[in-house]
Every structure is written in C-alpha cells, then in structure tokens.
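Contents: one structure, followed by commentary.
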Amino acid sequence: MADRESAGLGGESTEDDYADTVRLHLIPAIGRKRLAKLTVADLDSLWQGKRAAGYSANSVRIMRTVLRRALGQAEREGIVTRNVASLSRPAQVRSGQGRTLTVEQARVLLQTIEGHRLELPVMIALAYGMRRGEVLGLQWSGVDWEAGAVAVTHGVKRIKNRDGSSAARTRLVLGELKTPKSRRTLALTPEIMARLRQHRSHQAQARMSAGSLWRDHGLIFVTELGVPLDPDNFSHAFSALCERAGLGRWHPHELRHSGASLMLAQGTPLHVVSEILGHASIVITKDVYGHLVEGDKRSAAELMSQALFGG
C-alpha cells in the first residue's frame with residue numbers, strides 16, 4: 001500500500017536522490033578538496049568526465065544543482081567568497097538524446113498490448129509524453145468528463161523507508177508533483193475518454209469482487225486490490241510487452257521521449273509540447289526535442305490520436 005505525502009514528491013524522495021548524488025558522485029570526486037580551493041575549472045572537468053563516463057546530461061545537471069545549492073549556503077555563511085558551481089558550465093541536453101518509437105513501432109506496440117491491463121496507461125503515456133510516475137498517479141477526481149480532460153497533479157514513486165519499525169527498505173508514496181509546471185491539465189481525445197469510461201466500469205467490478213480487501217486510493221491505475229501500481233513492476237512488465245511486440249527492451253521513460261518527438265513530427269508547436277510535457281521551461285524542450293512549429297493543445301492530442309490509433 002502506498003502512503004500519501006501531502007508535502008509532495010519533492011520531499012523525502014528528492015532528499016534521497018540528493019543524498020545519493022552527494023555520496024556517489026560529489027564526495028568521491030571533490031570530497032578531499034577544500035571548498036576555498038575549488039575552482040570553476042575543477043567542476044567543468046568533473047562534469048565533462050561524468051558525461052564521458054556515460055552519465056546523461058540530466059544526471060550531470062542534477063549533480064551540478066546539488067553542489068550549487070550547497071555552495072550557495074556556504075557563500076551565505078561566508079565559508080566561500082563565490083559559488084563556483086553556479087559559474088561552471090551546465091551540461092547541455094542535445095536533440096536526439098534517447099530512443100524514440102516511430103509511428104509504425106508505436107502502432108505495433110499498441111496492437112500487441114490490446115486488451116492487456118497496461119494498455120491504457122501505456123497509451124496515455126505515449127500520447128502525452130508522460131512520466132511513469134505521473135501516469136500511475138492519475139486520479140479519478142482529476143478527470144473532467146464534460147471537458148474531456150484530466151489533471152496531472154500527483155505521482156507514484158518508491159522511496160527509502162525511514163520508518164525504523166518496518167523491515168521493508170522502501171515504500172510506495174503518492175505525492176503531489178513538486179513544480180507548478182509539472183502540475184498540468186491535459187486535453188484528452190475521444191478515443192482515450194471512451195477507454196477511460198470502459199476502464200472505470202471494469203475497476204468498479206474489480207472493487208466489488210475484492211470486497212473488504214479493496215484499498216481505495218482514488219487512482220485510475222491500480223492492482224486488482226486497489227493498491228497503486230509499483231513503478232518498477234510497471235517498467236518490467238512494459239519491457240516484456242515491448243519484447244513481445246518484437247521491439248526489443250524499452251523503458252517507460254522512452255515513451256516520454258517518443259510522445260514528444262511524435263507530437264513535434266505531427267506539427268505541434270514546441271511551446272505546446274513543453275506545456276504538455278510539464279517542462280519547467282521551453283528551453284529544456286528545445287534543447288531536447290527541436291524546433292518550434294504550430295498548433296494547440298487539443299489539436300496536438302488529436303494529431304497523436306490520428307497517428308497512433310488511425311482516428
């Protein structure tokens with residue numbers, strides 16, 4: 001069962017991620033160097049080395065962000081005279097980073113998983129370039145049946161368990177997305193709205209069958225007992241489905257890249273793709289995905305529907 005975190009996914013989850021960044025990357029590289037002796041050149045070299053070692057630009061950006069915040073506090077306290085992390089060069093995300101499904105591959109995948117319990121979450125993730133945790137965190141209360149839209153406000157994530165009374169090392173949490181841009185409303189296609197209505201009916205039947213064993217979290221995608229889907233289990237199942245479709249092994253995050261690339265290929269404006277993806281800035285979208293084109297939110301969704309579902 002997942003815990004609901006009112007503070008959002010930016011709480012313990014982010015703290016754990018930052019702690020791992022410090023332990024695995026920053027301390028081994030610069031832990032023995034005095035802060036006052038740390039230079040911009042040292043950090044530029046560190047980021048370049050991480051990229052050369054195969055770490056993604058986003059991973060290196062996180063390393064830089066963690067160090068920049070720490071040195072910012074040190075600067076405020078007078079421990080250092082300047083924040084060299086802020087002056088170092090951020091990693092640049094380049095277009096084409098990561099694999100993307102072609103329209104034909106996407107169709108093959110959707111045909112292969114037709115009728116599977118993960119068909120709808122995969123379809124939505126692909127059509128809107130959603131993150132794995134965002135799809136699993138969609139709630140029935142966020143669906144506007146009249147407007148044909150859904151609010152993306154929460155995510156499901158597995159984090160380290162800080163409860164000493166539990167033997168489990170990790171736990172599932174359902175928390176509010178941490179940035180205003182990531183909390184967004186998506187215009188749904190008639191195809192997906194129809195699938196949602198059908199899915200709601202099936203879930204109601206499952207709830208009746210489970211009886212007192214049902215654990216209601218208000219989520220759209222759950223197990224047969226109402227418990228949130230585990231993101232890691234979702235990834236393993238998705239990868240297996242891709243292999244069944246003859247596509248090889250894929251990760252759900254590649255649905256995000258694929259959705260964004262397909263939207264752009266269908267003529268959707270870059271700023272609209274940025275808004276649909278929930279990026280903090282259009283600059284990030286431009287760095288990753290390309291050039292500005294024309295359209296609007298709903299036409300973007302309908303173009304995707306035509307491309308993927310033949311509508």
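The values are calculated or read from the model by the stated rules, or taken from the named source; none is laboratory data. Values in this document were obtained by computation on a predicted structure and should not be read as measured data. All Cβ positions, even for glycine, are placed from backbone atoms using ideal geometry, and neighbour counts span all protein chains on display. To get the accessible areas, we keep the full protein, side chains included, count just its heavy atoms, and leave off ligands, DNA and RNA. Shrake-Rupley method; radii C 1.70, N 1.55, O 1.52, S 1.80 Å.
The shape of the range 170-210 comes out oblate: with a ≥ b ≥ c from the C-alpha gyration tensor, a/c is at least 1.5 while a/b does not beat b/c. Ordered by 1.4 Å accessible area with all protein chains kept, 50, 157 run largest first as 157, 50. Taking 0.36 nm per residue of separation and subtracting the current Cα-Cα distance, fully stretching the chain between residue 99 and residue 74 would add 5.0 nm. For the range 40-172, a/c is not less than 1.5, where a ≥ b ≥ c are the root eigenvalues of the C-alpha gyration tensor, and a/b tops b/c. That puts it in the prolate class.
Loop-resident GluC sites (Glu not before Pro) (DSSP state other than H, G, I, E or B) in the range 107-205 with no more than 12 further Cβ atoms inside 10 Å of their Cβ: 114, 146.
For the range 91-244, what does the alpha-carbon gyration tensor say about shape, rounded, prolate or oblate, given a ≥ b ≥ c as the root eigenvalues, a/c under 1.5 as rounded, and a/b over b/c as prolate? Cα axes put the range 91-244 in the rounded bin.
For the pair residue 89 and residue 236 in one chain, pulling the backbone fully straight at 0.36 nm per residue adds 49.3 nm over the alpha carbon distance. Note on residue 141: accessible area is roughly 110 Å² with a 1.4 Å probe, heavy atoms of protein only. For residue 160 and residue 23, the difference between the fully extended length at 0.36 nm per residue and the C-alpha to C-alpha distance is 47.8 nm.
Based on protein heavy atoms only, the range 180-279 ends up with 45 Å² per residue of surface accessible to a 1.4 Å probe. Packing order of peptides 69-79, 179-189, 254-264, highest average first: 254-264, 179-189, 69-79 (average count of other Cβ atoms within 10 Å over each peptide's residues). At R0 = 45 Å, how high is the FRET efficiency between residue 194 and residue 53 if r is their beta carbon distance? Nearest 0.05 is fine. Here the calculated transfer efficiency is 0.45.
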